[in-house]
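Written out below as structure tokens is the structure these notes cover.
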Amino acid sequence: MGRLCPGFAADCHRGRLGLAAPGGVSMAAGFHPYAWTLWLAASMAAVLLTRNPLYLFILLAALFFLYAALLRRAQRQPESMVGAQAWAWRRLVYLALILGGFSIIFNALTVHAGERALFALPDSWPVVGGPITWESIIYGFVTGLSFVSLILIFAIYNSVLGPQIILRMIPGFAYQAGMAVSIAISFAPQTLIAWGEIREAQRLRGRQGRGVRDLLPLFLSLLSHGLDRAIQLAESMEARGFGSRITPVSPHETWLIRGGAILGLLALLAGLFVRAYGSAARLGLGLLLLGGLLLAFSLWRSSRQVQRSRYRRWLWRPRDAVLMGGAGLLLAGVLLTAWLFPAALFYYPYPPYDLLPSFNPFLGLLFALPLLPALLM
């Protein structure tokens, strides 16, 4: 155990027992980070590749059940970091629900196409004047389902992992971008937590916000909190030597990395052009594969100059393999369906298409697979 994490034997022991482990992952409530990442990719592909409201509703119900399971576990284990992050994202989920409902109203008032009119607003009214149709309401509802599903997917993913684990998973060549991504991910929930703390402090002091003028001190406090947090983060990262262990490379290695990246991008561009405008499909696919290999080689060579140290290995358990299998099945099923049978995922309520969406029971079960982590917890 000392070989895996010297000086942190107690933390490793807690991780094996299923208690809160360092880095923000609760091994009792979470899975291996790579399993969660595949779950994220599969869930996003399921949302982005379909417009069928039935499949989206099944997916959204599964995501809400999983998020409710995380919140319930947070109530049982209030000291866990996963619980704190899940509660921090709760307000953003509520905001996503409000914006999803607003998308229905906005689409109904601005798009007047369709054959099934409910009522009509005066034509003299700008923008909103005209018939309000069932088709526009349904299309806005489908857009709201997609939006809420995406927000809920990112809320679940960031609740169970956290910015520390996400930063650790980012490859070495993208360490600077990874730092920016981790800060951006944690900014919104941390700001909402600070908003609640400042409001509570103001109420304890007898200050009640009654108008827009009273919001100015609140925003100033939030701005000061954000600046202090940014300064503390910069100082802590500098103290830990973040970005300072970069091995210098020779000019030959530098040209090799840059040349591989340029040739890879040119091959990708040529492959896309041939696939889009040419008749040689195999040539285009070959150029795409060549460009991807050259770009991957260049990124791999550039990541070798970044030295990283890890004091603890992540545990891989049987249920992680089950989650990987379920997420892989969802991702492969959605991609193959979108490639071979695109009509099965297509939906458009406006004429000349049918208002009622099609439904396949097998695809319905496939879109329920994001529920799998809640069943395995």
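Could you check region 332-356 and list, in sequence order, the residues that are of a type outside the set (A, V, I, L, M) and surrounded by fewer than 19 Cβ atoms within 10 Å (Cβ to Cβ)? Selection gives Trp339, Phe341, Pro342, Phe346, Tyr348, Tyr350, Pro351, Pro352, Tyr353, Asp354.
Under the condition of being touching a Gly at 6+ places or on another chain (Cβ under 9 Å), modelled with pLDDT of 80 or more and either surrounded by fewer than 19 Cβ atoms within 10 Å (Cβ to Cβ) or of a type in the set (Phe, Trp, Tyr) (or both), the residues counted in region 57-95 number 1.
Looking only at region 324-337, decide whether some residue is over 26 Å from the mean Cα position of the chain (by Cα) and either of a type outside the set (Lys, Arg) or closer than 18 Å to Thr37 by Cα (or both).
Start the filter on region 324-337 by keeping residues that are over 26 Å from the mean Cα position of the chain (by Cα), which leaves none.
No, every residue in region 324-337 fails to be over 26 Å from the mean Cα position of the chain (by Cα) and either of a type outside the set (Lys, Arg) or closer than 18 Å to Thr37 by Cα (or both).
Would you check which residues across region 237-267 are modelled with pLDDT under 75, over 26 Å from the mean Cα position of the chain (by Cα), surrounded by 10 or more Cβ atoms within 10 Å (Cβ to Cβ) and assigned to a helix (DSSP H, G or I) and list them? Show your work before the answer.
Kept after step one, since they are modelled with pLDDT under 75, are these residues of region 237-267: 237-249.
Checking which are over 26 Å from the mean Cα position of the chain (by Cα) leaves us with 238-241, 244-249.
Going one step further and asking which of them are surrounded by 10 or more Cβ atoms within 10 Å (Cβ to Cβ), we end up with 238, 241, 245-246, 249.
If the condition is that a residue be modelled with pLDDT under 75, over 26 Å from the mean Cα position of the chain (by Cα), surrounded by 10 or more Cβ atoms within 10 Å (Cβ to Cβ) and assigned to a helix (DSSP H, G or I), then Glu238 is the only one that fits.
Filtering Pro318, Pro370, Pro352, Pro357 for residues that are under 20 Å from Met44 (Cα atoms) and either assigned by TED's automatic domain parsing to the domain that holds Leu167 or touching a strand residue (DSSP E or B) at 6+ places or on another chain (Cβ under 9 Å) (or both) leaves a single hit, Pro370. Among the criteria (1) part of a helix (DSSP H, G or I); (2) touching a helix residue (DSSP H, G or I) at 6+ places or on another chain (Cβ under 8 Å); (3) buried (at least 17 other Cβ atoms within 10 Å of the Cβ), the one Gly114 does not fulfil is (1).
The values are calculated or read from the model by the stated rules, or taken from the named source; none is laboratory data. Nothing here was measured: the structure is a model prediction, and the numbers come from that model. With ideal geometry, Cβ positions are generated from the backbone for all residues, glycine too; neighbour counts draw on all protein chains shown.
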